[in-house]
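Report on one structure; see the data block that follows.
The values are calculated or read from the model by the stated rules, or taken from the named source; none is laboratory data. Quick caveat, the model's predicted, so the values are computed rather than measured. All Cβ positions, even for glycine, are placed from backbone atoms using ideal geometry, and neighbour counts span all protein chains on display.
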Amino acid sequence: MCVAMLLCAVLSLPGLQAQVTPSAEVRPFLKVDAPVVALVHVRVVDGTGAPAREDQTLILRQGRIEAMGAASTLPPPKDAQVIDLTGHTVLPGLVGMHNHLFYTHSIHSDEKGAAVAPGRLFAEIAYSAPRLYLACGVTTIRTTGSLEPYTDLNIKRQIDAGLLPGPKMDVTGPYLEGLEPMTPQMYALRGPEDAKRFVDFWADAGVTSFKAYMNIRRADLGAAIQAAHARGLKVTGHLGSVTWPEAMALGIDDFEHGPVYTDTEFAPDKQPDLGPPVSSSWGSWLKVDMAGPEVQKLIRDLVTKKVAVTSTLPVFELGVPGRPPLSPRLLASMSAESKASYLTARAKVPAVPNGRAEQLLKKEMAFELAFVKAGGLLLAGPDPTGMGGVLPGFGDHRELELLVEAGFTPVEAIHIYTANGAAFLGRLERIGTLAPGKQADLVVVKGDPSKKIEDIENVVTVFKDGLGYDSARLIESVRGHVGIR
């Protein structure tokens, strides 16, 4: 096989992308653009769950990791741009598994917080969201529910072509939802045949996964799962009308948010194909013993059936008084309207120590820790929705911090956010961990997040396919935009 044919064969492997020529829109955000780069004297957290390694060298060539090793034994190539990273840590690019390109806010609510006709409307933030994800070290995202699928698909195409800065995107199709959708921006399925047509149409359009939503019926969900699986695509779910055991019996691949917030099987007033009130569902979990037989059986079934769970702790933390800590960089990124909306909603959270929201958050954390210890595949993402206080990128950092609060070590949390996501997407051979031959998707942070997870917020440079992006410039470019564009 000639060299040209071999190169084409290698580049055709799933998940492997060649370096593209950055456009004039992208180039101002690049701080490292050289064919060969040597990162020297850097701490390495490789994403496998192994302990951090001190004083390492990584050599990046043409968008891939060429070599890794101790700085004392791996000299930089003569043609390399050498970057001394003493006091810094490099880790794999984060793989965000619940990362939307839209923003929720309360502009369409009345003075009491109730939605007004025609219902809640969400703003697509296709300009600011991709930049923030990339700035914070999220080099791959699954959108996990789309409200403007054509926008998402076009943004993905433009990012892949080097026309816009942003992460690699796995675009999830429009929500698989029943009657009545929470927003008129969602389609309401009319039956199993409609569900199949819906999946086939959007798979042909280029989406790579689907997400079932709160009001879907079992027959429609089953038909959608069969249609997606026939195309080699996966279905996840934020459910309510369908319980987790019912969805597992239908063949679902993943659950969003964790059972404390979305598994309605214990709600006393649950009716088939109907979601009980949120207060009833969440209230039922307050009475469930997380070490009891019901939860242990749920965990065993998830592990046996190889169904993943996506942790989205930041969006539920918003209901706990005083949390999360107010971040100046977050507030600076928000539009004036979005910031006022969020701060108003935050002030209305009841100041009840160890109230229901805090108890539910602790229960969800306990479930996720037990699920992983039992061999379950835990994924992670921020779900930048809720009252607007979870932003793209910044929310990914907060999710890592909350995983550590839940009881995972920092290295375990990083493994969940990198290798696990890559494995679920079927791309672990290319991304998710740091090793020679893999894509040069990695994050440089100041400090040591393997000991102090909060250092994950100190992102300096983000490499995607070997190109190094300036985190600070990307964040500055969206100042005042989040919520409106």
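Of the residues that sit in region 31-41 and are surrounded by 22 or more Cβ atoms within 10 Å (Cβ to Cβ) and in contact (Cβ under 8 Å) with a residue 60 or more places away in the chain, which one is nearest to residue 412 (Cα to Cα)?
39
Conditions: (1) within 16 Å of the chain's Cα centre (by Cα); (2) charged (D, E, K, R); (3) in a loop (DSSP other than H, G, I, E, B). Residue 479 meets all but one. Number of the miss?
That leaves (1) as the condition not met.
For region 146-186, which residues satisfy the criterion of being surrounded by 19 or more Cβ atoms within 10 Å (Cβ to Cβ), hydroxyl-bearing (Ser, Thr, Tyr) and under 30 Å from residue 20 (Cα atoms)?
146, 172
Please find, among 251, 258, 283, 275, the residue that is touching a strand residue (DSSP E or B) at 6+ places or on another chain (Cβ under 7 Å) and among the small types (Gly, Ala, Ser).
Going through 251, 258, 283, 275 in turn, the sole match is 258.
So if I check each of 324, 392, 382, which one is in a loop (DSSP other than H, G, I, E, B) and surrounded by fewer than 21 Cβ atoms within 10 Å (Cβ to Cβ)?
324
What number of residues within region 451-485 satisfy the criterion of being within 26 Å of residue 63 (Cβ to Cβ), touching a strand residue (DSSP E or B) at 6+ places or on another chain (Cβ under 7 Å) and not acidic (Asp, Glu)?
Counting residues in region 451-485 that are within 26 Å of residue 63 (Cβ to Cβ), touching a strand residue (DSSP E or B) at 6+ places or on another chain (Cβ under 7 Å) and not acidic (Asp, Glu) gives 13.
Of all the residues that make up region 260-278, how many are under 17 Å from residue 216 (Cα atoms) and surrounded by 15 or more Cβ atoms within 10 Å (Cβ to Cβ)?
9
Residue under question is residue 411, and the condition is that it be of a type in the set (Val, Ile, Thr) and not in a loop (DSSP other than H, G, I, E, B); does it hold?
Here the answer is yes, as residue 411 does meet what is asked.
Restricting to region 295-321, what's the tally of residues that are over 18 Å from residue 392 (Cα atoms) and either part of a loop (DSSP other than H, G, I, E, B) or not small (Gly, Ala, Ser) (or both)?
Residues flagged as over 18 Å from residue 392 (Cα atoms) and either part of a loop (DSSP other than H, G, I, E, B) or not small (Gly, Ala, Ser) (or both) within region 295-321 amount to 17.
For region 215-222, indicate whether the set of residues that are surrounded by 23 or more Cβ atoms within 10 Å (Cβ to Cβ), modelled with pLDDT of 95 or more, in a helix (DSSP H, G or I) and not assigned by TED's automatic domain parsing to the domain that holds residue 443 is non-empty.
yes
If you check 462, 445, which single one turns out to be of a type in the set (A, V, I, L, M), outside the structural domain of residue 392 (by TED's automatic domain parsing) and more than 18 Å from residue 166 (Cβ to Cβ)?
Criteria check complete, one pass: 445.
Go through region 146-200 and give me each residue that's charged (D, E, K, R), touching an Asp or Glu at 6+ places or on another chain (Cβ under 8 Å) and free of Cβ contacts under 8 Å to residues at least 60 places away in the same chain.
Result: 148, 194.
Is it fair to say residue 432 is part of a loop (DSSP other than H, G, I, E, B), touching a residue at least 60 places away in the same chain (Cβ under 8 Å) and surrounded by 24 or more Cβ atoms within 10 Å (Cβ to Cβ)?
It is true that residue 432 is part of a loop (DSSP other than H, G, I, E, B), touching a residue at least 60 places away in the same chain (Cβ under 8 Å) and surrounded by 24 or more Cβ atoms within 10 Å (Cβ to Cβ).
For region 43-77, what are the residues that are free of Cβ contacts under 8 Å to residues at least 40 places away in the same chain and either more than 30 Å from residue 373 (Cα to Cα) or part of a loop (DSSP other than H, G, I, E, B) (or both)?
Matches in region 43-77: 55, 56, 57, 59, 69, 70, 71, 72, 73, 74, 75, 76.
In region 447-468, what residues are more than 21 Å from residue 28 (Cβ to Cβ), in contact with a helix residue (DSSP H, G or I) (Cβ under 7 Å, 6 or more places away or on another chain) and either at pLDDT below 95 or outside any loop (DSSP other than H, G, I, E, B) (or both)?
Residues satisfying the conditions are 453, 454, 456, 457.
Consider residue 62 against the criteria (1) over 19 Å from the mean Cα position of the chain (by Cα); (2) at pLDDT 95 or above; (3) on the phi < 0 side of the Ramachandran plot: it satisfies all of them except one. Which criterion is unmet?
Result: residue 62 fails condition (3) only.
Filter region 13-41 down to the residues that are modelled with pLDDT of 95 or more and at positive phi and list them by number.
41
Identify, by number, the condition in (1) exposed (fewer than 11 other Cβ atoms within 10 Å of the Cβ); (2) β-branched (Val, Ile, Thr); (3) at pLDDT below 95 that residue 10 doesn't meet.
Checking residue 10 against (1) exposed (fewer than 11 other Cβ atoms within 10 Å of the Cβ); (2) β-branched (Val, Ile, Thr); (3) at pLDDT below 95, the one that fails is (1).
Looking only at region 243-274, count every residue that is out of contact with any Ser or Thr (no Cβ under 8 Å at 6 or more places or on another chain) and not in a helix (DSSP H, G or I) and tell me the total.
3
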